[in-house]
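Here the structure comes first, spelled out in structure tokens, and everything after it is commentary.
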Amino acid sequence: MALLEVRNLKKVYTSRFGKLQVQALANVSFSVEEGEFVAIMGESGSGKTTLLNILAALDQPTGGEVLLGGKNMGTIPEKALAAFRRERLGFVFQDFNLLDTFNLRDNIFLPLVLAGHPHHVMASRLEPIARTLGITDLLDKFPYEVSGGQKQRAAVARALITHPSIVLADEPTGALDSRSSDELLHLFGEINRQGQTILMVTHSVKAASHANRVMFIKDGEVFHQIYRGSKPRHEFYQMISDALTVIATGGGTK
Amino acid sequence: MSRAFYAKLALTNIRKNAQTYYPYMMAGSAAVMMFYNMLYLRMSGEIGAMHDSMTVRTVLFLGCIVTGFFSFLLLLYINSFLIKRRKKEFGLFNILGMEKKHIARIMLIETALTALVCIGLGILAGILFGKLALLLLLNILGMDASYGFDVPPRAVIMTAVLFGAAFLVNLLYNVFQVHVSKPVELLKGGNVGEKEPRTKWLIAIVGIAALGAGYVMAITVKSPVAALYEFFIAVMLVIIGTYCLFTAGSIAILKTLRRNKRFYYRTNPFIAVSGMIYRMKQNAAGLASICILSTMVIIMLSSTVSLYVGLEDVLRTRYPREIAVMAYHVDDEQIGKLEAAVAEIAEKKGVRPQNPLSLKYVTEVAVHDGQTFIGGRGARYTDKHAALFTFITAEEYNRIEGARAELSEGEALVYVEEGKLPGDALRFDGFSLAVREQLDELGLAKEIALNDLLPNSYVVVTAGEADIVRVRQALYGDGKIGIDYAYMYHFDTAADRETQISLVSALYSNLPVDGYADGREASKRDFLSVYGSLFFLGLFLGALFILGTVLIIYYKQISEGFDDKERFAIMLKVGLDHGEIKRTIRFQVLSVFFLPLAMAVCHIAAAFPVISKLLAIFRMTNVPLYALCTGLTILAFAVCYAAIYALTARTYYKIVR
């Protein structure tokens, strides 16, 4: 069974008095296996962010369902949703979303504190993650004292520390310079090789080329997808780039 | 761009910022109303008809100054808050192509509109409520009110000018703020990454020391005169201590809490403590101000209320009998003349003195230097070791107290009314009196009204006049000095109020010797006009200060709400649910909210002894009554405070959500 299954997902935004309806997701179905690193690509307004918000249980779909580990997320009661989110999902955001009032260590601890873990458990979990991400020496610093790349690595640590089933990343390289982007993407690859499932939304071809599989969304539907297989990265990059060109020039209009 | 365009834009701006602008306008109107009312009362013709209207007018004048000053500051404070919030808006206008002079023009229209609304509404409300305030004041003073309705134009003009000036200052400040900043900075507004505050141990320690010293001074104060003297120092120390503790002490405590890992790493403390460290950095001064303001409101209200309520008590302490006649520097012959004159005048008024008490005595002030009492003309009343001596002869003592004391020369009976005796003898320079017995009770001490002002006060019974003369010669260092008696004659009349008052004035103007006559009923009017107007002022300023406190807290909560909005949005994404958010918010808001109040209650408790002593100067010695008034005032204030809390917590949560 797939780790994440999305079936016939639909989302329609209605303006306040119901005059105007905008369809963000028309009919999206796909599945993610455990250990996969999937990138979702699409232009602005294609419905990527809506999709990610629904997967993150921050938004409810108008139709269809999402199953994580066989559990239908639509059936989780409101009260248990926050706990579900922090135990099963890890988030990495474009703008890091670190809290200014905490140093990096406390930022990383945040989901565990909310879950009520004792301090020694948090400390022992942090140690290997911080080492992998190379932020062991930065833990006592505050977000305003470190670079963007370092902030994003702290955010990744925060996503990983709960040992989530899946990490959802929303344009994680969007606010980073190219060197920091490369480092972060390598880290994603590394984490993925250790068995972590990752779902990343991006419109950077370079970022997508680090994934095992790339899905393209257009007009609220999964339009096309390609697998990397054993191809080298530069070749995969070319394939993604070609696919985007085809989509952008309208060659693939159904 | 047309004129109408600016006006329209200004209107839309005000409407868009309703959450902060409407309270501003309401507060402005309320301040205008209160100031106008004060002026109106001061100028109103009806008070002129009152007995002793000067006192009332002086108190009201004081009220005008405080009200005006406080209102002015309050408007400036709120404005500085508003403009900080709106910088982004003006930055956007700037970037969209509006020049700064255009923005200034919009600001001008906005300010003019706001000022018009505030001053107009305020004066209107002032005219409506002015009469009500007047009725309240007259009622408190025990006067009858007429039912006229007047609007003194001078009060209207002065109010309009003062608040017009306040709004003008605000406008200039705002234009200046926009003028000196760059558009990009305006856009960013307040959201600059803030550094974590450092722990300032030195300031924290200074705070603890100042507060401790202030408290000790207030608690250990000995006498009313010393109280008056030390009270201001204590107040200063406590104010300094409060500011230091709120700014540095709070951060030191929070950081210590953060270091305790088992306490800190739990949901509520985790979010609250980390947030508070930043909150304290920005708001410590504000919270300290709220604390001081609350303390002042409560002390002012409780003391004026207890003075007013305890008026009868005060009069009874001040005048144990209805009529008091006092004479200075008299001998037996003059006393005889005086008694005859009093009897004659009383008879003319149809009064027969009842329950009379007469006493001749000698008072001296001396300062104890550790060995002896040094005195005479150099003795200062404010000295800590100053003592008031009231000397009476054994003959007088036996006559009044119905005792049968027999003393030989050089011996004395001593009654200590205040303070302590320095040893078993009263040593003067070159002469000393052995204390044969220390009296536990002395009925006539209550009649001599001056005694409770000095730190030490003794009534000394000597064998005869010769010993008193010896003491005086020792104190003044002059072997030729003789006796100098004061004489008091107190009696009841069983007459009505009017008769008593006319008797007192007849006595006063016909005394054959140096002295004065006074009476309970005659003073009641004077006391009532002083305490009554102070009481009214206390109520009035209390209301004004509560308004100020409410506004400061309201705006504080809103600005913090905006700051916390982002933080809670992030926590929501990371896995905090709405219920938990609500709980942590409540925890955080509650602690910030009630910290100043708790501190204020501490201050009041510490100030209690010194204020009771100060009230003794006003002859208000009923401490349980003062305690009751204080308790009730704190309770009333806490209820107001809780209401504000409920209101602002809701607004805060709405913003954060």
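The table for this structure:
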item: Test: residue in the stretch B:611-621 that is part of a loop (DSSP other than H, G, I, E, B), among the polar types (S, T, N, Q) and surrounded by fewer than 21 Cβ atoms within 10 Å (Cβ to Cβ); result: yes
item: One residue from B:529, B:559 being farther than 30 Å from residue B:616 by Cα and either away from chain A (no Cβ under 14 Å) or over 26 Å from the mean Cα position of the chain (by Cα) (or both); result: B:559
item: Answer from B:555, B:516 - the residue that is in contact (Cβ under 8 Å) with a residue 12 or more places away in the chain and touching a Pro at 6+ places or on another chain (Cβ under 9 Å); result: B:555
item: Unmet requirement for residue A:229, which otherwise passes all of (1) modelled with pLDDT of 90 or more; (2) over 13 Å from the mean Cα position of the chain (by Cα); result: (1)
item: Selection status of residue B:284, in contact with a Cys (Cβ under 9 Å, 6 or more places away or on another chain), under 14 Å from residue B:599 (Cβ atoms) and part of a helix (DSSP H, G or I); result: no
item: Residue check, residue A:139 buried (at least 16 other Cβ atoms within 10 Å of the Cβ) and in contact with a helix residue (DSSP H, G or I) (Cβ under 9 Å, 6 or more places away or on another chain); result: yes
item: Of all residues in the stretch A:205-226 being in a loop (DSSP other than H, G, I, E, B) and at pLDDT below 90, the one that is farthest from residue A:53 (Cα to Cα); result: A:219
item: Qualifying positions in the stretch B:330-385 - at pLDDT 85 or above, in a strand (DSSP E or B) and of a type in the set (Gly, Ala, Ser); result: B:358, B:366
item: Some residue of the stretch B:505-517 being away from chain A (no Cβ under 14 Å) and closer than 30 Å to residue B:644 by Cβ; result: no
item: Tabulated pairs, the stretch B:10-24, first in contact (Cβ under 8 Å) with a residue 60 or more places away in the chain and closer than 17 Å to residue B:121 by Cβ, second among the charged types (D, E, K, R) and assigned to a helix (DSSP H, G or I), C-beta under 7 angstrom, 6+ apart or interchain; result: B:14/B:110
item: Residue list for the stretch B:244-276, restricted to those being surrounded by fewer than 21 Cβ atoms within 10 Å (Cβ to Cβ), in contact (Cβ under 8 Å) with a residue 40 or more places away in the chain and away from chain A (no Cβ under 11 Å); result: B:252, B:255
item: Residue among B:342, B:330, B:414, B:351 that is closer than 25 Å to residue B:621 by Cβ and of a type in the set (A, V, I, L, M); result: B:414
item: Residue satisfying condition, being surrounded by 18 or more Cβ atoms within 10 Å (Cβ to Cβ) and within 30 Å of residue B:524 (Cβ to Cβ), within set B:34, B:54; result: B:34
item: Test for residue B:543: is it farther than 16 Å from residue B:645 by Cβ, of a type in the set (A, V, I, L, M, F, W, C) and surrounded by fewer than 20 Cβ atoms within 10 Å (Cβ to Cβ); result: yes
item: Any hit, the stretch B:310-328, residues being within 30 Å of residue B:549 (Cα to Cα) and either modelled with pLDDT of 90 or more or small (Gly, Ala, Ser) (or both); result: yes
item: In the stretch B:562-607, residue farthest from the other protein chains (Cβ to nearest Cβ) [restricted to those that are among the small types (Gly, Ala, Ser) and closer than 19 Å to residue B:285 by Cβ]; result: B:600
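The values are calculated or read from the model by the stated rules, or taken from the named source; none is laboratory data. Quick caveat: nothing in here was measured; it's all calculated off a predicted structure. Glycine also receives a Cβ, built like all others from the backbone with ideal geometry; neighbour counts cover every protein chain displayed.
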